[in-house]
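What follows draws every value from the coordinates through simple rules; no lab data is involved. Just so it is clear, the model here is predicted, and its values are computed rather than measured. Methodologically, a virtual Cβ is constructed for each residue, glycine included, from the backbone with ideal geometry; neighbour enumeration extends over all protein chains shown.
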Amino acid sequence: MTLFKRQIRRRAAASVVAAGALAIVASIAVRAEQGQGGGGRGGMVPMTASTIARNPAAHMGETVSMMAAVEAQLSKTVFTVDQDRTKTGEEILIIAPTLQTPPQANAYVTIQGEVFKFDPAEVAKKARNYTLDLSPELIAKYQGKPAVLATVVVTQALVDIAKRVLPPMTPAELAFRQNMLTIDGGAKALVAGMDQPNPTQLKDTIAGMKKAYTDVEAFFKGRNTEDAIKWAGDSLKIVTDMEAGLAAGKLEVVKAGTTNVRAICAQCHGAHRERQDDGTFRIKSGG
Ligand code: HEC
């Protein structure tokens, strides 16, 4: 990406915008289509702002990619665009729930998202977890006007300013992640170790998992997350039984535990693991 950026920087300013935006657009198209606005019919359609403004009805529900000039910032997450800087008067409302920084006035940006007829009720339906931050006067002014619920806003500097920036992980989250990696590695090692059981290795693996589950349980106790406390506790009980079984030479207990402990992973992940835009996982916020 850096090399590519350097190459295109040498070209004329206008083509930098065009080529750069296209490249970015291609690389983030998938994200836009999966975006929280979602729900558009079919694939992404390249479109000019004036095409939408001229005949909004024809494009409702379409997921579009359009380059337009920023006209006015109306709130932290809402701005308007026009076809070009000369102001055609055909403005489109852009609602970008995840907007991180305001776009520069008059600058060209590439926007991707779903076209819809502006209505606060529609916004609430399409973008859950987002609170529209427009004044009642502005809501009234734009009611029924063409709008785009944007998941991507790329500037001339090729920065997607609608891309959520993940806060750094806290030490507790990092420790949690490490425990998950221990549990994951342990679960795999147990399966592999069942072919030709090596008591010393099994003992180490189980001890590592036991420590990790103890910490995970404590983490969720600290948050009062009842279902997760139970899943971690159940897992801890399984590996504790495995430990005793191994010590008593009862390999069938270790074998059963190897299966049983894996039956719990997905339940806890379903409730408390959240995939981020960049493909990594985090502990679900508030859970
Ligand atoms: C009590 C809840 C709970 C249980 C049980 C649990 N996990 Fe997790 N796991 C999580 C949460 C929450 C995350 C997301 C946090 C993170 O990735 O840092 C996670 C993340 C992971 C990750 C991703 C780590 C990464 O690189 O981001 C792996 C791999 C994983 N778990 C494997 C397992 C396996 C395998 C099991 C079962 C043998 C298991 N987990 C059981 C809650 C649980």
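Observations, loosely collected:
- FRET efficiency, residue 172 to residue 263 (Cβ-Cβ, R0 22 Å, nearest 0.05): 0.25
- When only alpha carbons of the range 171-283 are considered, Rg and Dmax amount to 14.2, 47 Å.
- Summed residue charge, Cβ within 13 Å of residue 122's Cβ, Lys/Arg positive, Asp/Glu negative: +3
- Amide N of the range 245-277 lying under 17 Å from the label point, which is placed 7 angstrom from the Cα of residue 200 along Cα→Cβ: 247
- The range 232-287 and the range 185-231 have Cα centres separated by 6 Å.
- Loop-located trypsin sites (Lys or Arg not before Pro) in the range 114-163 (DSSP state other than H, G, I, E, B) with a sparse environment of at most 10 neighbouring Cβ atoms within 10 Å: 128.
- Each principal axis of the Cα cloud of the range 40-162 was taken in turn, and the coordinate range along them, longest first, works out to 32, 29, 26 Å.
- Most to least packed among 166-178, 45-57 [average Cβ atoms within 10 Å]: 45-57, 166-178
- Distance between the 7 Å Cα→Cβ label points at residue 45 and residue 184: 4.1 nm.
- Net charge, residue 132 excluded, C-beta distance under 15 Å - Lys, Arg +1, Asp, Glu -1: +3
- Cross-link reach is defined here as a Cα-Cα straight distance under 16 Å, omitting same-chain residues fewer than 8 places apart; for residue 210 the aspartates and glutamates meeting it are 184, 234, 241, 243.
- Separation of alpha-carbon centers, the range 131-177 and the range 99-126, rounded to whole Å: 9
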